[in-house]
Amino acid sequence: MLGAMLKQLVSRGGIPRHIREAFRKAKREFGGRGLLLPDMVEILKKTITSLPRLFICIDAVDECTSKHRRGILDSIQEIVRVSSNARVFLTGRPHIVDEIVKRFGEAVQIPLSPPKGDIESYLEMRLDGDPDPNAMDDELRADIIKIIPEKISEV
């Protein structure tokens, strides 16, 4: 993910010399390994500080494994700490809010919840496409359509 961020940053112009040199150095070490996470963070910090403003947007942070999520959030925290021109926008399910607040302090939170009717329509569509329609009876299907929207929708 950090590599993709770096790629986006350098696609606007030429590749800065410090980035070229870091990749060359990593290629010479240990049989041509790629950059390690700490190397990538240092490159990003150096590259970002030269920009007038930067927005880091990451969707579905909760879908990263907890190990990778921790590494990504710690890295972004370090980048933002040294760059006052960087802003972060993250999306994820509510269970990761504590991880975000722990690293970034008070965060503005915008809770989103789909309307109950949208959830019901989605469930109907998925259940209609079930490759094994005999796996459930009408009562179970009705429970799914009723209970899941009640649990996840606030509208």
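Where a number appears in this text, it was derived from the coordinates with a stated rule and is not lab data. Source: prediction; values computed, not measured. Here the Cβ positions follow ideal geometry from the backbone for every residue, glycine too, while neighbour counts run over all protein chains shown.
If I fit a long axis through the Cα atoms of helix 66-82 and take the longest principal axis of the Cα atoms of the chain, what angle between them do I get, 0 to 90°, rounded to 10?
Here the helix axis deviates by roughly 50 degrees.
Relative contact order of the stretch 32-155: what whole-number percent is it, with Cα pairs under 8 angstrom and at least 6 residues apart?
24 percent.
Report the longest stretch of the chain that contains none of the trypsin sites (Lys or Arg not before Pro) sitting in a DSSP loop with at most 16 other Cβ atoms within 10 Å.
54-155
Cα to Cα, under 29 Å, and not fewer than 8 places away if on the same chain: which lysines meet these conditions relative to Lys102?
Lys7, Lys45, Lys46, Lys67, Lys151
Using the crude model of +1 on Lys and Arg Cβ and -1 on Asp and Glu Cβ, and no other charge, please compute the dipole size for the stretch 1-104 relative to its Cα centre, in debye to 20.
460 debye
Relative to the longest principal axis of the chain, what angle (0 to 90°, nearest 10) does the C-alpha long axis of helix 17-28 take?
80 degrees
Remind me, relative contact order of the stretch 2-104 in percent, using alpha carbon pairs under 8 angstrom and six or more residues apart?
27 percent
Taking the chain as a Gaussian network, where each spring joins two C-alpha atoms under 10 Å apart, which residue of Ala135, Ala26, Ala60 fluctuates the most?
Judging by the Gaussian network model, the answer is Ala135.
Among Pro16, Tyr122, Val108, which residue has its Cα furthest toward the positive end of the charge dipole of the chain, with +1 on Lys/Arg Cβ and -1 on Asp/Glu Cβ?
Working it through, the farthest residue towards the positive pole turns out to be Pro16.
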